[in-house]
Amino acid sequence: MAETFSLEMKRIVKRFGSVLASDGVDFSCKPGEIHALLGENGAGKSTIMCMLSGVYRPTGGDIFIHGRNVRIRSPKDAAKLGIGMVYQNFRLVQTLTATENIVLGEKGSLWRGAKWMRRKQEEIDAIARRFGLAFPVDRPIWQLSVGEQQRVEIVKTLYREAEFIILDEPTSVLTPGEAERLFATLEQMKAEGKTVILTTHKLKEVMAAADRISVMRKGKMIRTVDKAATSERELTLWMVGKDVAADSRERAPRPKGNLLLDVRELDVYAEHGRKALDRLTLNVYEGEIVGVAGVAGNGQKELAEALGGLIPWKKGSVSFAGKSFNAASVRAAIEAGIAHVPENRMKSGLAGSLGAVDNLLIKSYRTADRSKFGFLRIGANREWAQKLVERFDVKTPNLETPVRQLSGGNQQKLLFAREIDRRPLLMVAVHPTQGLDVGAAEGVHRMLSDLRDDSKGVLLISEDLDEILRLADRILVIYGGRIVGEMGREEADRQTIGMYMAGLTPEKGVAG
């Protein structure tokens, strides 16, 4: 008996100039299933989903919805066909309320008066609660957490009665607890007959949530399998074309080096006067990776930015390599040997419209190797940049290609190339593998481990507990702007860390 598909994409081709992004791709979904689309950065999976959602038009091929050949020329066409997409970078108006964002686009939606808006709030709140996606419907987007903003995006598709819901890297901005709640929501959608498509890199989540899995590599569909018929290791092999075994080496304990970073009683205030760090104290020694775990919004971003000189502190002290810092200074942090890989590489790490050479020069253009008498050494800098691109395996058409056109993995490798080339004493890495495929993440982990083995310090700030448990020598947990838990590599476990992250004391199970 032939299988019934609610959605089919056949022989899909997409060209961007001379670049073939999709090479005769076949992809199909059944009604009421969770279908994961896997692939390395640049494999073509986002391109396929953008064609399905109307952002791009296919160069060739056909799309069928319930057996009917359809043409999707715009997101409006996709919406009429019951296709909704939740992007990794949310498309919300920060100053509007959650409800206003969801009804935006309806005729006269913002001019119908308070009574109509209250009815819409009630309707949207009912949809949200039905799917386990509750959030304050009357609050402006800027006041909502990242997890709540994602719920607004999902409820927007449900409000518009989407039958096919595409989620692009949905857990890259979520804590483990939020991710679990999201998967429960996806099961509810599936139970109501909706088709959910996930594009992701996280194999554990795929194996936990998906019914079927499709794998892409280099613009081609490699294969589609039932989850029960495969394994994480086999999926990795299909994704990258080689076996990327997890690094399970038992690292030999080594004596601590000298104290490198000493932060004491630090108070930092964020936007709108919110206190982000509250008498925070931590230290990092030479030759160790210190992992900082915590739910988003507990001061991780502000900690990294304070150490990088981007925001000031009101109270407390920062000492680095035996020298005290009296105030925040980006230039002083760079010259002291502090490298910073921010959580949003394209917002505060790289200049998207510039090419590789200019991005690599951002922190070193003042040095004698890169400039002379105030003028850049153009030829020498190109040669230097080319060597770094090759050393860190950054895939780019040429050195002038704007970095926003590179895949996420190649952007991150370029960022690490710039920071590591300066031979830092301390690397402050915030969510360094967020949104990266398994191969690119493995490369980042290797770079961090190499820094440790070279007697440098690493402060790894991550919401990926597997990453922290794998790499860190010591683990700190941040909550409410304070370090509330500390444990060594050997004694750490997910349950204990999770309780600290929730503000609980593991011994008593009460608020800390």
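The values are calculated or read from the model by the stated rules, or taken from the named source; none is laboratory data. What you see is a predicted model; the values in this text were computed from it and never measured. Neighbour counts are summed over all protein chains in view; Cβ atoms, including those assigned to glycine, are modelled from backbone coordinates with ideal geometry.
Name every residue in region 72-93 that is part of a helix (DSSP H, G or I), farther than 11 Å from V55 by Cβ and either in contact with a strand residue (DSSP E or B) (Cβ under 7 Å, 6 or more places away or on another chain) or among the hydrophobic types (A, V, I, L, M, F, W, C) (or both), in order of residue number.
Listed by number, the list holds a single entry, A79.
Might you let me know whether region 14-26 holds any residue that is in contact with an Asp or Glu (Cβ under 9 Å, 6 or more places away or on another chain), modelled with pLDDT of 95 or more and either over 14 Å from F164 (Cβ atoms) or surrounded by 14 or more Cβ atoms within 10 Å (Cβ to Cβ) (or both)?
Yes, region 14-26 has at least one match.
Which residue out of G132, G84, G60 is surrounded by fewer than 16 Cβ atoms within 10 Å (Cβ to Cβ), more than 28 Å from E271 (Cα to Cα) and touching a helix residue (DSSP H, G or I) at 6+ places or on another chain (Cβ under 8 Å)?
G132
How many residues, within region 285-298, are crowded, with 23+ Cβ neighbours inside 10 Å, modelled with pLDDT of 90 or more and not aliphatic (A, V, I, L, M)?
1
Which one is surrounded by the fewest Cβ atoms within 10 Å (Cβ to Cβ) among residues in region 303-339 that are in contact (Cβ under 8 Å) with a residue 60 or more places away in the chain and part of a helix (DSSP H, G or I)?
A336
Residue check: is S371 surrounded by 13 or more Cβ atoms within 10 Å (Cβ to Cβ), of a type in the set (G, A, S) and either out of contact with any Ser or Thr (no Cβ under 9 Å at 6 or more places or on another chain) or not assigned by TED's automatic domain parsing to the domain that holds I478 (or both)?
Answer is yes for this residue.
Tell me whether region 127-136 contains one or more residues that are of a type in the set (A, V, I, L, M), farther than 26 Å from A43 by Cα and within 24 Å of the chain's Cα centre (by Cα).
Yes, that holds for at least one residue.
Which one of D453, D473 is in the same structural domain as K323 (by TED's automatic domain parsing), modelled with pLDDT of 90 or more, in contact with a strand residue (DSSP E or B) (Cβ under 6 Å, 6 or more places away or on another chain) and surrounded by fewer than 22 Cβ atoms within 10 Å (Cβ to Cβ)?
D473
So which strands (runs of 3 or more DSSP E) stay within region 146-231 end to end and still have 3 or more residues that are over 24 Å from I127 (Cβ atoms) and not β-branched (V, I, T)?
212-217, 220-226
Let's see how each residue does on (1) free of Cβ contacts under 8 Å to residues at least 40 places away in the same chain; (2) closer than 21 Å to L186 by Cα; (3) assigned to a loop (DSSP other than H, G, I, E, B); (4) among the acidic types (D, E):
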| site | (1), (2), (3), (4) |
| --- | --- |
| T95 | no, no, yes, no |
| N101 | no, no, no, no |
| W116 | yes, no, no, no |
| K120 | yes, no, no, no |
| A126 | yes, yes, no, no |
| R129 | yes, yes, no, no |
| F135 | yes, yes, yes, no |
| W142 | no, no, no, no |
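Which one of these is within 15 Å of V263 (Cα to Cα) and of a type outside the set (S, T, Y): K347, K315, K363?
K315
Output the residues belonging to region 265-300 that are outside any strand (DSSP E or B) and of a type in the set (K, R).
Scanning region 265-300 gives a single hit, R274.
Do you know which of the residues in region 238-248 that are modelled with pLDDT under 85 and not β-branched (V, I, T) is surrounded by the most Cβ atoms within 10 Å (Cβ to Cβ)?
The extreme case among them is M239.
When you look at I65, is it touching a strand residue (DSSP E or B) at 6+ places or on another chain (Cβ under 8 Å), assigned by TED's automatic domain parsing to the domain that holds K220, under 20 Å from E161 (Cβ atoms) and of a type in the set (V, I, T), yes or no?
It is true that I65 is touching a strand residue (DSSP E or B) at 6+ places or on another chain (Cβ under 8 Å), assigned by TED's automatic domain parsing to the domain that holds K220, under 20 Å from E161 (Cβ atoms) and of a type in the set (V, I, T).
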